Amino acid sequence: MAPKKGLLQRLDEGVVIGDGGFVFALEKRGFVKAGPWTPEATVEHPEAVRQLHREFLRCGADVMQAFTFYASDDKLSNRGNESSKKYTCRGINDAACRIAREVANEGDALVAGGLSQTPTYLSGIGKEATQAEFKKQVDVFVENKVDFLIAEYFEHLEEMEWAIESCCKSGLPVVATMCIGPEGDLHNNSAGECAVRMAKAGAHVVGLNCHFDPFVLLEAMKKMKVALDEAKLKVHMISQPLGFMTPDASKQGFIDLPEFPFALEPRICTRFDMHRYAREAYELGIRYIGGCCGFESYHIRAIAEELEKERGSLPLSSEKHETWGKGLKMHTKPWVRARASRQYWEQLKPSSGRPYCATMSKPDNWGITAGHELLKQKTQETSEVEIQTLQALKTKK
Ligand code: CBH
Ligand code: ZN
């Protein structure tokens, strides 16, 4: 078999489809605990992680992002139960890479290793200690020969830059996404400024993930594009939004919504929302188009179906899903058969079925999570292990 084309070449030549939200999907299936959101499932239930990768692959994902979210040692120590001691950063990341590679090789997908924000950064102990956490993950990714790295879900631009710097040392292509929206990061850096600084820090692909719905996220992406163009920076763009509608979210996105994380279901985007998202993202010039929390495989399939012409093929799972609901022509009931058209689904305003629900919520507004708050909170309610880790790191400095 010919060697797979790399990420940057694929982006230069066409479009790359990402996968969806692993922690949210696996939490619903019973393999991830909301709160810590750590990915020990790669060791405890590899079959569940493998199956989720397969679903995304079958639905058109070109990237198998190894399930390594929050899998830095400092974060893993905050799981508040016995299992926290059994698994290490190395063990979890290594297992994640192997599973992702196994499934990627069942198709033509690439494998990405992912890094995310760390408690060490929040505790304010500085660059060296924070990058020491990143390095441990990057080392495992390099050993496993992943195709590229994704530094995702950073909300402080400074930590994002440190993560990019750590990733760049690998020599692999680096994708960087912040979980901010049109209002910028928590230190009043605009979305545009963030994009420019991510590119200047060395990222090859820059953009956003999580925290906001596809359409709010694209508003922020527009600002990033303007700033990148003005600064004459030639990098590719990526968007991986939520699969939930969040027009009412404030600066920190869906975390502040009262429904986060257990009652977001009424906000789930339909597959047809994702057709619109894929088209608008493509027209904006974004070439790495994927999803984050709330995105299930059928949402990814909708992106792949919308971009059928651009990609030159349909995903495997479209054999069970004719584009725009045309499979309904085979339904026994005539009024359901009548729904087998693009026009029908495109204009539909789906009902919520919840007569007492408001369309919008009032977000909580807690502002920035700071290190001292984290320590205080830990002393009150979370694991001894992490307090010790943080304190040890502090004295080391
Ligand atoms: O799970 C995934 O697919 C990751 N690539 C991204 C997760 S984004 C954030 C999840 C919630 C975090 C929190 O509440 O702390
Ligand atoms: Zn997310």
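Compared with the dominant principal axis of the Cα atoms in the chain, helix 271-283 is inclined by about 70°. Considering only Leu348, Ser170, Ile17, and ranking their Cα positions along the charge dipole of the chain that arises from unit charges at the beta-carbon of Lys, Arg, Asp and Glu, the one farthest toward the positive end is Leu348.
How many lysine pairs in segment 226-366, separated by 8 or more positions in sequence or lying on different chains, have Cα atoms less than 21 Å apart?
Total qualifying Lys-Lys pairs in segment 226-366 comes to 6.
What net charge is computed for the residues neighbouring Leu208, neighbours being all others with C-beta under 13 Å from the C-beta of Leu208, Lys and Arg scored +1, Asp and Glu -1?
For residues surrounding Leu208, the net value is -3.
Full-extension gain between Ser313 and Ala358, please, as 0.36 nm times their residue separation minus the C-alpha to C-alpha distance.
12.1 nm
For the chain, the longest principal axis of the Cα atoms and the long axis of helix 371-381 meet at an angle of about 90 degrees. Normalised size of the chain, defined as Cα radius of gyration per 2.2 N^0.38 Å with N residues, equals 0.96.
Once backbone amide H atoms are built at 1.01 Å from N, Leu115 has Ile150, Ala151, Glu152 as its partners under 5 Å, excluding neighbours fewer than 5 places away on the same chain. Taking 0.36 nm per residue of sequence separation and removing the Cα-Cα distance, the Glu183/Glu265 pair yields an extension gain of 27.0 nm. Across segment 1-139, C-alpha contacts under 8 Å between residues 6 or more apart give a mean separation that, scaled by the residue count, equals a relative contact order of 26 percent. Available extension along the chain between Lys86 and Lys234 is 48.9 nm, counting 0.36 nm per residue and deducting the alpha carbon span.
Judged by the mean number of other Cβ atoms found within 10 Å, the most tightly packed of the peptides 191-203, 354-366, 287-299 leads the ranking 287-299, 191-203, 354-366.
Determine the dipole magnitude for the chain: charges of +1 sit on the beta-carbon of Lys and Arg, -1 on that of Asp and Glu, nothing else is charged, the reference point is the Cα centre, and the result goes in debye to the nearest 20.
760 debye
In summary, the aspartates and glutamates within cross-link reach of Lys5, defined as a Cα separation below 14 angstrom excluding same-chain residues under 8 places away, comprise Glu13, Asp62, Asp108, Asp147.
Taking Cα atoms only, the orientation of helix 46-58 departs from the longest principal axis of the chain by about 40 degrees.
We did not get these values from a lab; they are worked out from the coordinates using the rules stated. Just so it is clear, the structure is predicted and the values come from calculations on it, not from any experiment. Glycine gets a Cβ as well: all are built from the backbone with ideal geometry, and neighbour counts include every protein chain shown.
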